[in-house]
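Okay, so here's the structure we're looking at.
Derivation of every value follows stated rules applied to the coordinates shown; laboratory data play no part. All of these numbers come straight from a predicted model, not from anything done at the bench. Cβ atoms come from the backbone with ideal geometry, glycine included; neighbour counts cover every protein chain shown.
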Amino acid sequence: MNEEQGKSNINETIIKLEGLSKRFGYGDAASFALKNFDLEVKRGEFIMIMGPSGCGKTTLLNIIGLLDTATSGSYFLNDEPVNRISPRRQARLRAKKIGFIFQNFNLIPNLPIIENVALPLVYSGYHKTRRLIKASESLDRFNMKDKEYYLPFQLSGGQQQRAAIARAIVSHPEIILADEPTGNLDSKSSITVMDELKRIHSEGNTIIMVTHNPALTSYATRVINMLDGAIDTDIKTVKDSDLPVPIERKTPKKIFKSRKKTAKKSKKKGKK
Ligand SMILES: Nc1ncnc2c1ncn2[C@@H]1O[C@H](COP(=O)(O)OP(=O)(O)O)[C@@H](O)[C@H]1O
Ligand SMILES: [Mg+2]
C-alpha cells in the first residue's frame, strides 16, 4: 500500500445511503419501512440507532449488511454501488466486510462454539484446520478459549454473546452491525459486551448498533433517533477528526516517519 492509499483510509466515507426506500407489500397493503433515507458513515464511527419498535431500525441494518435490498435509492459501500448487485456478490462482500451481532446470538445449536465462530471464514479460502485456528484465536481475545468445545446451550447469555462477537470479528470485517446486542443480557453481561465493542471500535473499526437503552449511548460517537422510517435526530458527540484510525492501516512509510520524528525529539532533548 502506498502513502496515498493509506491517507485515503483515514476517516473516509465507508457507507453512503442516498434516498433509500424500502417497501413491504404491494398496492393497498404497501408500507414503507424506510422512506427516502440518507446517511453517510465515516470509518471509525460508533453509531447508536434508537427509536420506537417498528420504525425501521432492523430493516436499515439488514440493508447496510447486504442481507436485504432497498426498493429504491442508492447504497455505496467503499464508493461502490451495491444495491443492485447479485446475491452471490452480496454474500461475498458481506463475508469480507461485515460482521453481525444479533439480540438472540444466532449461534447454531448443534455446533460447538469453535465451529460457530469459524463459520464466517467459509468464504476465506482457508482450509478447515486454519479456520479453526483463527476461530480459536478470536475466542481467546474474549477469554472464551476454555469454552471452545461447549455447545451454545451450555453457556450463559453473556458468554454466548461474547462467542457471537468473536464470530463477528473472526474475518476482520471493517464494519460491525449489532441489532440490540445487549437486549437479552443482564446489566453485568451488557457492560462486558459493551466493553468488548468499545475495544473493537478503538482499533479503528466502524460499528453501527441498534439499542433501546439510552444509558449505552455514552459508548457512541454519534446517536441517531429514527421515527417512521426516517431520521428524526442525528447528533455527533465526537468530531470526525477525532475518530480512531485503524492501527494496522498505518503505512510502513508513516511509521518510519513517526519513528524519525521521535528520534529527532530525543536527540534534541539530549542536546539540552
Ligand atoms: N419481512 C417483512 N414483511 C413485511 N413487513 C415488514 C417486514 N419486515 C419489517 N416489516 C415492517 O417494516 C417496519 C419496520 O420494521 P423493523 O425494521 O423490524 O423495525 P424495528 O427494528 O425498528 O423495530 C415495521 O412496520 C414492520 O412491520
Ligand atoms: Mg428491530
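Secondary-structure-derived ellipticity at 222 nm for the chain, considering helices only, amounts to -10500 deg cm²/dmol, per-run term -39500 (n - 2.57) for DSSP H runs with n ≥ 4. Taking amide hydrogens as placed 1.01 Å from N in the peptide plane, the amide H of V210 sits under 5 Å from those of I49, A178, D179, E180, each at least 5 positions away in sequence or on another chain. Of the beta bridges in the chain, as assigned by DSSP with both residues counted there, near 55 percent are antiparallel.
Rounded to the nearest whole Hz, the Karplus-based 3J(HN,Hα) values (6.51 cos²θ - 1.76 cosθ + 1.60, θ = phi - 60°) of the stretch 54-60 follow the sequence x, 7, x, 4, 5, 4, 4, with x at glycine and proline.
Arranged from fewest to most other beta-carbon atoms within 10 Å of their beta carbon, D179, D146, D28, D232 become D28, D146, D232, D179. My understanding is that a pair violates if its Cα-Cα distance is over 29 Å; which of K97/K128; K35/K236; K16/K188; K42/K96; K96/K188 do that in this structure? Violating the 29 Å limit, Cα to Cα: K16/K188; K96/K188.
Positive contributions from Lys and Arg (+1) and negative ones from Asp and Glu (-1), summed over other residues with Cβ under 13 Å from the Cβ of R23, come out at 0. Taking label points 7 Å from Cα along the Cα-to-Cβ direction, Y219 and L111 give a separation of 2.4 nm. Across the stretch 83-91, coupling constants 3J(HN,Hα) worked out from phi with the 6.51/-1.76/1.60 Karplus curve, θ = phi - 60°, read 6, 10, 7, 5, x, 5, 5, 4, 4 Hz, and Gly and Pro carry x. Footprinting exposure proxy ranking of R84, R130, R167, fewest other C-beta atoms within 10 angstrom first, gives R84, R130, R167. Taking the chain as a Gaussian network of alpha-carbon nodes connected by springs under 10 Å, the highest mean-square fluctuation of the residues A30, A91, A135 belongs to A30.
In the Gaussian network model of the chain, springs joining C-alpha atoms below 10 Å, which of L139, L111, L243 carries the largest mean-square fluctuation? Judging by the Gaussian network model, the answer is L111. Shown in residue order for the stretch 95-109 are the 3J(HN,Hα) couplings computed by the Karplus curve 6.51 cos²θ - 1.76 cosθ + 1.60 at θ = phi - 60°: 4, 7, 10, 10, x, 10, 10, 10, 4, 9, 6, 6, 7, 7, x Hz (x for Gly and Pro).
Panel values: the stretch 123-187, Kirkwood radius from alpha carbon pairs, Stokes-Einstein at 4 °C and 1.567 mPa s, translational diffusion coefficient 101 µm²/s.
Simple spin-label estimate for L227 and E18 gives 2.8 nm between the two label positions (7 Å along the Cα-to-Cβ direction from each Cα). When I98, I14, I191 are sorted by how many other C-beta atoms sit within 10 angstrom of their C-beta, beginning with the fewest, the order is I191, I14, I98. Note down the net charge around T182, summing +1 for each Lys or Arg and -1 for each Asp or Glu among other residues with Cβ under 12 Å from its Cβ. My count for the surroundings of T182 gives -3.
For the stretch 3-271, treating each Cα as an identical point scatterer without solvent, what Debye log10 I(q)/I(0) comes out at q = 0.08, 0.12, 0.15 1/Å? Debye output, listed in q order: -0.36, -0.79, -1.17.
For L111, neighbours were defined as the other residues whose beta-carbon sits under 15 Å from its Cβ, and their charges (Lys and Arg +1, Asp and Glu -1) total +2. Legend: P(r) of the stretch 172-224 from all alpha carbon pair distances, 5 Å bins from 0, whole percents, reading 4, 18, 35, 26, 13, 3. Label sites at E40 and I235, each approximated as a point 7 angstrom past Cα along Cα to Cβ, lie 2.2 nm apart. For R199 and D146, what is the calculated FRET efficiency with R₀ set at 22 Å and r taken between the beta-carbons, to the nearest 0.05? Efficiency for this residue pair is about 0.65.
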